[in-house]
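The values are calculated or read from the model by the stated rules, or taken from the named source; none is laboratory data. The shown structure was predicted, so the numbers you read here are calculated from the model rather than taken from an experiment. Positions of Cβ are generated from backbone atoms using ideal geometry, with glycine treated the same way; all protein chains shown enter the neighbour counts. In case anyone asks, the SASA skips ligands and DNA or RNA and just uses the protein heavy atoms, side chains included. Shrake-Rupley method; radii C 1.70, N 1.55, O 1.52, S 1.80 Å.
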Amino acid sequence: MTAIIHSDAPVDRIGAQVPFRAVRRVRSLSDRSIAWLFVTPTIALLLAINIFPLIWMIRLSFTSLNLSMSYLPLRFVGLDNYADVLSDEDVWIRLQTTAQFVISTVALQVIVGFGLALLINRQFRSHSFWTTIILLPMMLSPAVVGNFWTLLLQPQIGPFNYVVGLFTGVAPSSFSMTGEVALAPWTIVLVDTWMWAPYVMLICLAGLRSIPDYIYEAAEVDRASSWRQFWSITLPMAMPFLMLAVLFRAIENFKMFDMVNLLTSGGPGSTTELVSITLKRAAFEKWRTGYSSALAIILFVTVFGAANIYVKALNRVKQR
Amino acid sequence: MTAAAKSTAHSIVEASPRVKAFAAVIVIFYATVTITPLLWIVATAFKSQSDAIAYPPKVIFQPTLEGYVNLFTVRTRQTPDFIASLPPATTWYDKLVRKHDMVVAGPSKVVPRFINSLVIGFGSTFLAVLLGGLAAYAFSRFRIPLADDLLFFILSTRMMPPVAVAIPIYLMYRELNLTDTWTGMILLYTAVNVSLAVWLLKGFIDEIPREYEEAALVDGYTRLQALRKVVLPQAVTGIAATAIFCLIFSWNEYAFAVLLTSGDAQTMPPFIPFIIGEGGQDWPAVAAATTLFVIPIVLFTIVLRRHLLRGITFGAVRK
C-alpha cells in the first residue's frame, strides 16, 4: 500500500506555498474542512447501511424474535441463541461442508490458475486474445452462471453428460451431476473453478511479470536448472500475489450463496448446503430472526478473524 | 556479441519456440473448453423448444427466434379453430407464435426487469463513484486522522456475507417502506460499491502528481477549482474504470436482490431463473435472457482489460 501523504514533494515548493495558504483559507474552505466534508458522506452511508444494521442485529441475536410469529412479545433470551447455534449439530455439518468447498475450490483454482499464468507468461503470439477469453467467466453474474449450468448438467439433454459419455462410454442419462449425493459436492467445486480459476490466473500473472528478467539471467549464468529456477525464483517471488488471490477467493467462497443456491439449492438432501444457504433458510424461510442473527454474527467473527490472521501472514511473506 | 545473443535466446525473457508452441496449445485448448458453456447458451437461445431439450444435444439446428419471442411475450394456448378464425397474423412474431397454436397475450415482465437493472445499476454506480471519489480525493491528498483505520473499515464492510447483511436490512427497510423499491436497492448497492470506489479511486488519484494541483493553487485557484480543473480531467480514465466495476457489481448482484425485492424493483438475476414455459423452465427464453444480460458484461470486460487486475483486487495490485 502506498503512503497516504507523499513525503517526497519538493521542499522548495512547500516553502513557496506558505504565504498563499493563509490567503486561501480566508477565501474558501480550509483543507481540513474539505477533507471532512469529502469523507463524511461515505462514512455516514456506511454507518447507516452497514454498521447500524449490524448493531441492530447484535441486539436481535439476544432476542427470541421470530418473524412468522411477530405477535409474540419480544423476549430477551441472553446467550440462548448462540448456545442453540453452537450446539446445533446441523450447523457444524454445514460449516464442514463449507470448509470442504472453500478448501477444494481454492486448491483447484490455485493449481489451474497458476498453471495457466505460467503458460501465458511464455508470451506466445495471440496470448492476449486468449487471456481475455479465459477471463470472461469470472465477470458473469454467479446467479446466472448457476442457473445456466443446470441446463448444461441435465442428465438427458445437457451437453456435459453427453461429452463425458463420449469419452468414458458411460450412458449420459445414468448419472446426474446435481442430483447425486456423491457427485453434487464436486459439481459446485467444478463450476466455481470454471468461474474463478481465471481470477487466480490474472493475479498470478501480475506476480510473474513483477519478477525482473535479470534474476533469471543470473540463474542461467549459474546454470540453475529450470526446475530449480521455478522453486527458488518463480514460486517465492510470486508467493505474495498467490496468497492475495487465496485470501480473496477464500473469503468470497466462505460467503458463497448465489451460484450454489441456483445450481443445487443445497441439494440433494443437504449435501451442498453451504452455511450461507442455511442462514438464508433460517432467516427468510423459517423466519427465526433471533437465531439467524446469532449465526450471522458468528460467521462475521469467523471471516474477520480468519482474514486478520491471514493478512498478517501475507505481510510477513511480502517482507521477505 | 554472439555469446550475448546466445544467452538471451536461452533465458526466460524470450521462451524458445517449442516452449511457446506447447504453452499456446494448452492455453488455447483451455480457453476453448472454458468458453463452450457460454457459446452453448448463446446457441440455445436460437433453438426451438424441441431442439433445446433434444437427446443427444444438438449442435447443428435450424435457428429460430422463438426463444427471444417467448422471452418478451406472454402467450396463451388456443384451439386451432379459434386461431383459424382470427384475422391473419400481421407481425413476424405473431406468425411464429401461431405455429404452436398460441396467440400473443401481451408483453412479458422482462422489459420492466431490465429497466430495474439499468436504473438500480446506474443510480448506485453514480452515487458510489461520486461519494467514493470525494472520499478518495480526501484520503489521497489530506492528512486524515486514523486514515488507515478508516480505509480498512471501509473495506471490511465488504467482507460480510450478503445473506447476513440482508437480515437487519430487511427489517430496517420494512420499517422505512424501502423493501422492493429503487431507492432501497440503490442505497444498498451504493453502500457496497462505495468501498470499492474509494479504494480504486484512491489508487488512481495517488498516481496523479500533486505538483499539478500545487501549481494551480499557487496560481490562485481554490482547492475545489483545482480539483475540478486539474485533478478531474486527469482522473477520467480511473473514474470510468471504477464506474464500470461498480456497474458490473450491481448488474450481477443476486443475494440482496432476491431477498429484498419481489416484484416492482426486481432486477434481472433473480428474474432469469424463473422464466418458465409450459412445464418447467423455458430454456430457449432463459438462454435468450442470459445472452442479452451477458452481452454488456462481455463488452465491459474487453474495455476494462487493462484495469481488470486493479478492479478485482481493490487496487492492491496495479499494473
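Residues that are of a type in the set (A, V, I, L, M, F, W, C) and at the interface with another protein chain (Cβ under 7 Å from one of its Cβ atoms) number at least 2 in the following helices (runs of 4 or more DSSP H) confined to the stretch B:145-226: B:147-156, B:162-176, B:182-206, B:210-218. Of note, A:F101 satisfies the criterion of being under 17 Å from the mean Cα position of the chain (by Cα) and part of a helix (DSSP H, G or I). Which one of A:V164, A:V170, A:V189 is assigned to a loop (DSSP other than H, G, I, E, B) and more than 9 Å from chain B (Cβ to nearest Cβ)? The unique qualifying residue is A:V170.
Is it true that B:A240 is more than 17 Å from B:P162 (Cβ to Cβ) and modelled with pLDDT of 90 or more? Yes, satisfied. Of everything in the stretch B:298-314 that is facing another protein chain (nearest Cβ under 9 Å) and over 15 Å from the mean Cα position of the chain (by Cα), the residue that is most open to solvent (accessible area, probe 1.4 Å) is B:F314. Selection of the stretch A:104-121 for residues being over 17 Å from A:A184 (Cα atoms) and either within 14 Å of chain B (Cβ to nearest Cβ) or not in a helix (DSSP H, G or I) (or both) yields A:Q109, A:I111, A:V112, A:G113, A:F114, A:G115, A:L116, A:A117, A:L118, A:L119, A:I120, A:N121.
Answer yes if at least one residue in the stretch B:41-50 is out of contact with any Asp or Glu (no Cβ under 6 Å at 6 or more places or on another chain), within 11 Å of chain A (Cβ to nearest Cβ), open to solvent by 70 Å² or more (accessible area, probe 1.4 Å) and in a loop (DSSP other than H, G, I, E, B), and no otherwise. No, there is no match, as no residue in the stretch B:41-50 is out of contact with any Asp or Glu (no Cβ under 6 Å at 6 or more places or on another chain), within 11 Å of chain A (Cβ to nearest Cβ), open to solvent by 70 Å² or more (accessible area, probe 1.4 Å) and in a loop (DSSP other than H, G, I, E, B). Figure legend. Inter-residue proximity from the stretch A:150-171: first residues modelled with pLDDT of 90 or more, second residues polar (S, T, N, Q), beta-carbon distance below 6 Å, spacing 6+ or different chains. Indicated pairs: A:L153/A:T178.
Residue-wise test of (1) open to solvent by 20 Å² or more (accessible area, probe 1.4 Å); (2) closer than 18 Å to B:L39 by Cα.
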site: A:S104; (1), (2): yes, no
site: A:V110; (1), (2): yes, no
site: A:G113; (1), (2): no, no
site: A:R125; (1), (2): yes, no
site: A:I133; (1), (2): yes, yes
site: A:Y162; (1), (2): yes, yes
site: A:F167; (1), (2): yes, no
site: A:A171; (1), (2): yes, no
site: A:I188; (1), (2): no, no
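If the condition is being assigned to a helix (DSSP H, G or I) and either touching a helix residue (DSSP H, G or I) at 6+ places or on another chain (Cβ under 7 Å) or within 14 Å of chain A (Cβ to nearest Cβ) (or both), then the stretch B:51-83 contributes B:D51, B:A52, B:E66, B:G67, B:Y68, B:V69, B:N70, B:L71, B:F72, B:I83. Just one of the numbered conditions (1) at the interface with chain A (Cβ under 7 Å from one of its Cβ atoms); (2) touching a residue at least 40 places away in the same chain (Cβ under 8 Å); (3) more than 30 Å from A:N50 (Cβ to Cβ) is not true of B:I275: (1).
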